[in-house]
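Written out below as structure tokens is the structure these notes cover.
The values are calculated or read from the model by the stated rules, or taken from the named source; none is laboratory data. This is a predicted model, so every value here is computed, not measured. FYI the Cβ positions are ideal-geometry reconstructions off the backbone, even for glycines, and counts take in every protein chain you see.
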Amino acid sequence: MTAPAGGAPSVAPVPAALKRWFVVHFVADWLFALPLFFAPRFTLGLFGWTEIDPVTARLVAAALVGIGTQSLLGRHDSRDSYLTMLNLKILWSATATAGLVWSALEGGPAMTWGFVAIFAAFNGLWVYWQRRLSAA
């Protein structure tokens with residue numbers, strides 16, 4: 001950051017597109033989390049799961065609610081706040097992707113690869129924005 005003549009550092013605003021992505025992420029997380037939380041067996045059964053642990057499913061739903069809701073609540077926050085949230089989103093989506101790949105290779109339902117694609121795509125999106133915000 002550079003300091004203008006007045007002495008206060010100038011900070012580029014958070015791009016509107018990133019703010020929109022945070023809202024999209026909130027909607028996506030909640031659309032999946034609610035049925036996963038309230039009807040884990042039914043929801044995962046739709047995706048081909050035959051062995052379902054509702055405790056683990058609800059724990060994943062809780063993580064989605066937490067991350068998604070903070071995306072919505074923090075959409076007007078500072079650039080530093082966005083960088084912190086992007087780091088969290090990168091860690092979550094990267095480890096989720098790795099865990100899903102591992103599970104798919106161990107014989108998980110075919111739809112596991114669909115979830116790999118979703119989490120990997122979000123990871124790429126968050127890495128892009130984290131780099132872009134850090135460089136500005």
Selection from the range 27-39 of residues that are under 21 Å from residue 97 (Cβ atoms) and either surrounded by 15 or more Cβ atoms within 10 Å (Cβ to Cβ) or modelled with pLDDT under 95 (or both): 28, 29, 30, 32, 33, 36
Residue count, the range 7-26 (criterion: surrounded by fewer than 12 Cβ atoms within 10 Å (Cβ to Cβ) and modelled with pLDDT of 95 or more): 3
Hits in the range 100-113 (condition: loosely packed, with under 14 Cβ neighbours inside 10 Å and among the small types (Gly, Ala, Ser)): 107, 110
Every residue from the range 13-47 that is without any contact (Cβ under 8 Å) to a residue 12 or more places away in the chain, part of a helix (DSSP H, G or I) and either more than 30 Å from residue 136 (Cα to Cα) or in contact with a Pro (Cβ under 7 Å, 6 or more places away or on another chain) (or both): 31, 35, 38, 42, 45, 46
Options 107, 114, 99: the member that is out of contact with any helix residue (DSSP H, G or I) (no Cβ under 8 Å at 6 or more places or on another chain) and at positive phi: 107
Identity of the residue in the range 53-83, surrounded by 14 or more Cβ atoms within 10 Å (Cβ to Cβ) and among the β-branched types (Val, Ile, Thr), that ends up nearest to residue 125 (Cα to Cα): 67
Residues located in the range 74-94, provided they are among the small types (Gly, Ala, Ser), within 14 Å of the chain's Cα centre (by Cα) and more than 20 Å from residue 118 (Cβ to Cβ): 74
Subset of the range 53-93 (residues that are part of a helix (DSSP H, G or I), small (Gly, Ala, Ser) and closer than 19 Å to residue 17 by Cβ): 68, 71, 81, 93
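Which one is surrounded by the fewest Cβ atoms within 10 Å (Cβ to Cβ), of the residues in the range 114-135 that are out of contact with any Ser or Thr (no Cβ under 7 Å at 6 or more places or on another chain) and of a type in the set (A, V, I, L, M)? Show your work before the answer.
At the first step, the residues of the range 114-135 found to be out of contact with any Ser or Thr (no Cβ under 7 Å at 6 or more places or on another chain) are 114-115, 117-118, 121, 124-125, 127-135.
Narrowing the set further to residues that are of a type in the set (A, V, I, L, M) leaves 117-118, 121, 125, 127, 133, 135.
Values: 117: 12, 118: 16, 121: 12, 125: 18, 127: 15, 133: 17, 135: 7.
Across the range 114-135, the extreme among qualifying residues is 135.
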Test for residue 50: is it touching a residue at least 12 places away in the same chain (Cβ under 8 Å), more than 10 Å from the chain's Cα centre (by Cα), part of a loop (DSSP other than H, G, I, E, B) and surrounded by fewer than 15 Cβ atoms within 10 Å (Cβ to Cβ): yes
